[in-house]
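Peer 1: Can you keep this structure in mind? I'll have questions shortly.
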Amino acid sequence: MRKRLFGFVALGAASSLFLAACGGGGASSDTADTEDFNRGENEVVNASDSTGGTLRYALAADFDSTDPANTYYAFNWNFSRYYARTLLAFNPEPGENATDLVTDMAADFPEPNDDFTEWTVEIQEGLKYQDGSEITAEDIKYGIARSNFNGGVFSEGPQYFSQHLDQDEHDVYESDDPLRGFDSIETPDDHTLVFHLKEPFSEFPNILTQPQTAPVPIDADRGELYQENVMSSGPYQFDGPYEPGVQLNLERNEHWDPDSDPIREALPDRVELEIGVDQDEIDQRLVNGEIDVDLGGTGVAPGMHAELVDDESVQGHLDNPYSGSLRYVNIHTPIIEDVSCRQAIMYAANRDSMWRAWGGEYGGDIATNLFPPLIPGAETDLDLYPSEDNTGDLDAAEEKLEECGEADGFSTNIAVRDSRERDVQTAVALQESLARVGIDIDVKSYPDGEFFGQYAGSQDFVRENDIGLSVSGWGPDWPTGYGFGSKITHGDAIMETGNFNTAELDDPEINELWDQALLTEDPGEREELYGQIDHLVMESATILPVVFDKTLLYRSEELTNVYFHPAYMMYDYMALGVDRDE
């Protein structure tokens, strides 16, 4: 019964998946058939078990952090698995079973007590770090403790453990014995963890897929500087320190045991990443074969997008899957306090122009609700602010402006990430549509890496700089309503910095429904609660949905084992290899 509830699967020999998926063989020919368009959404393309070579990535912005304790970007959760193993993982295959949970470092699936307040996890024996020392349960306990109980040293990662563990205030950096008093996780022996929760949490195993469960030896921890050279538990280790804004290179970890790891193929001999490369340059080099993967995973920028969709000769190299994410605009309640003023924005927004700014048909579908279609219980036909042809209802917007005492409109700023061209274009499209009712917004650009830590996710910065809106995107931490929406709409998720509930929505009724979902074992009943939350969030006018995202990904002919993984909302980086002479 619990295996059905949590989506667990028994994972067999993962390495056989790739050869079976496409009938074996090596790389594709120099040209790909048009019928191969979007083939990577549901099957492995260019299957191969060949090892060797260098897998080349490029990234326009930068990591929020390479430290598994301090990251929330989807591409980093995907990439960090090269060097940071987790307790559980998602099934490494394309298609409908991809979001099932499987074991990684765990020897078996977590066992709950009767009321889901205690979970026991056994880990495999013999797992090792890059220096040959053994990974213990205490290392995993410490990795979790430092990620959520650090006195504010880290601000980027999610706070599920601090929210749910039955733990008093704690700071691992406060004493010489960092785990003294940290008793919400017990380690009765070197291979057992027992998690004690404040209250029942039926979806708890999903948290164990996250980078924060990567092991960290206490003696290796350097606080904020740990990101320079993370101790590897995976198939690759840092080759030289991580250089923010410049590069990160990985080489093989000789102490990694492939027989213990059902998740990672580890085909390349080496992984190289260039950081801070202009997005247009990345797209061109990708098509030219000079790099293999755009690490950001959000697809090509608008210029290359238009070029590729009109070129029949490259259709077989393109994938255009639904990413599972929502692109949206936060409406910040501390700046735009009156709900009627926020609803005026919702009515005045030209959803059609924002959809076109995001790429039109290949960019996704117009969104009018919170939860994407892949989330069970999503009500994608919910539309509380309808308009003809999705161009905006200006009469309704003007009525709402009168209700909030701003009949002539008002002005504020909208924050965007400077390297994300579609975010900027979405903001400009919204700027133009709101101007029709006298709402004037200025577009302000800020760096990707610090966007949530220092700018749109900083309460002080938002207030001091009149940031009334911000463009964002969100995908599920795991594929349920709670895994998608709690961190952006629950009042408990609001943080002074590193805040992803950027609207600062703190509605008692919504909070209560989220809390009730935690206590609800039956998935169908949880889905009903998520539907109610969806409706209330839209009524609050704190999130303006733009599109349910599709990505246009270019698939290099030299890239092997390529498939889209919905849990990471991009290609499964752990599967990839290269087929070329070097």
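Peer 1: When the Karplus curve 6.51 cos²θ - 1.76 cosθ + 1.60 is applied with θ = phi - 60°, which whole-Hz ³J(HN,Hα) does each residue of the stretch 502-507 get, with x for Gly and Pro?
Peer 2: Here the 3J(HN,Hα) series is 5, 5, 6, 6, 9, 9 Hz.
Peer 1: Given a Förster distance of 22 Å, report the FRET efficiency between Arg180 and Asp219 from their Cβ-Cβ distance, rounded to the nearest 0.05.
Peer 2: Calculated value: 0.90.
Peer 1: ³J(HN,Hα) across the stretch 243-248 via Karplus (A = 6.51, B = -1.76, C = 1.60, θ = phi - 60°), whole Hz, x for Gly/Pro?
Peer 2: 10, x, x, 10, 6, 8
Peer 1: List the GluC sites (Glu not before Pro) within the stretch 168-237 that DSSP assigns to loop and that have no more than 13 neighbouring Cβ atoms inside 10 Å.
Peer 2: Glu169
Peer 1: If r is the Cβ-Cβ distance from Leu394 to Ser133 and R0 is 60 Å, what FRET efficiency results, to the nearest 0.05?
Peer 2: About 0.35, to the nearest 0.05.
Peer 1: So, counting K/R as plus one and D/E as minus one, what does the shell of residues with Cβ under 12 Å around Pro215 add up to?
Peer 2: -2
Peer 1: Around Pro479, with a cut-off of 13 angstrom between Cβ atoms, what is the net charge of the other residues, counting Lys and Arg +1 and Asp and Glu -1?
Peer 2: After counting each charged neighbour, the total is -4.
Peer 1: Which order do Asp114, Asp269, Asp283 take when ranked by solvent-accessible area (1.4 Å probe, heavy atoms of all protein chains), largest first?
Peer 2: Asp114, Asp269, Asp283
Peer 1: Dipole of the stretch 47-124 (Lys/Arg Cβ +1, Asp/Glu Cβ -1, origin at the Cα centre): which of Phe75, Thr103, Trp119 lies farthest to the positive side?
Peer 2: Of the options given, the answer is Phe75.
Peer 1: Any idea which of Phe548, Gly577, Ala567 is furthest toward the positive side of the dipole for the stretch 498-582, if Lys and Arg beta-carbons carry +1 and Asp and Glu beta-carbons -1?
Peer 2: The residue sitting most towards the positive pole is Gly577.
Peer 1: Check which residues have an amide H placed less than 5 Å from Phe149's amide H, if you skip close sequence neighbours.
Peer 2: Amide H neighbours of Phe149, under 5 Å, 5+ apart: none.
Peer 1: Oh, and also: Which one, Ser458, Ile144, Thr333, is farthest towards the positive end of the dipole of the chain when Lys and Arg carry +1 and Asp and Glu -1 on their Cβ?
Peer 2: Ile144
Peer 1: Could you check the simple spin-label distance between Leu384 and Asp278, using points 7 Å along Cα→Cβ, in nm with one decimal?
Peer 2: The modelled label-to-label distance comes out at 4.3 nm.
Peer 1: Computed from the coordinates I sent, semi-axes √(5λ) of the Cα gyration tensor in Å equals one of [x] 52, 27, 23; [y] 55, 28, 22; [z] 36, 30, 22. Tell me the label.
Peer 2: Given [x] 52, 27, 23; [y] 55, 28, 22; [z] 36, 30, 22, the calculated one carries the label [z].
Peer 1: Hey, what do the phi angles of the stretch 84-93 turn into as Karplus ³J(HN,Hα) couplings, whole Hz, using 6.51/-1.76/1.60 and θ = phi - 60°, x for Gly and Pro?
Peer 2: 3J(HN,Hα) across the stretch 84-93, in whole Hz: 9, 7, 10, 5, 10, 8, 9, 4, x, 7.
Peer 1: Taking the highest mean first, how do the peptides 361-374, 553-566, 393-406 order by number of other beta carbon atoms within 10 angstrom per residue?
Peer 2: Peptide ranking by packing, descending: 553-566, 361-374, 393-406.
Peer 1: Right, something else. Taking amide H positions as placed in the peptide plane 1.01 Å from N, state which residues far from Thr71 in sequence (5 or more) or on other chains have amide H under 5 Å from it.
Peer 2: HN-HN under 5 Å from Thr71: Gly157.
Peer 1: Taking the highest mean first, how do the peptides 518-531, 457-470 order by number of other beta carbon atoms within 10 angstrom per residue?
Peer 2: Order by mean packing, descending: 457-470, 518-531.
Peer 1: Amide H of Ala61 versus every other amide H placed in the peptide plane: which residues, excluding those fewer than 5 positions away on the same chain, fall under 5 Å?
Peer 2: Result for Ala61 returns Gly276.
Peer 1: Could the peptides 430-443, 141-154 be put in order, highest first, of the mean number of other beta-carbon atoms found within 10 Å of their residues?
Peer 2: Result, highest mean first: 141-154, 430-443.
Peer 1: Here's a follow-up. Roughly how many percent of the accessible protein surface of the chain is carbon and sulfur, given a 1.4 Å probe and a whole-percent answer?
Peer 2: Answer for the chain: carbon and sulfur cover 40 percent of the accessible area.
Peer 1: Nothing charged except the Cβ atoms of Lys and Arg (+1) and of Asp and Glu (-1): what's the magnitude of the dipole of the stretch 386-486 about its Cα centre? Round to the nearest 20 debye.
Peer 2: Roughly 520 debye, rounded to the nearest 20.
The values are calculated or read from the model by the stated rules, or taken from the named source; none is laboratory data. Keep in mind it's a predicted model, so treat the numbers as computed, not measured. Every residue, glycine as well, gets a Cβ built from its backbone with ideal geometry; the counts of neighbours run over all protein chains shown. Ligands, DNA and RNA are excluded from the accessible area calculation, which covers all protein heavy atoms including side chains. Shrake-Rupley method; radii C 1.70, N 1.55, O 1.52, S 1.80 Å.
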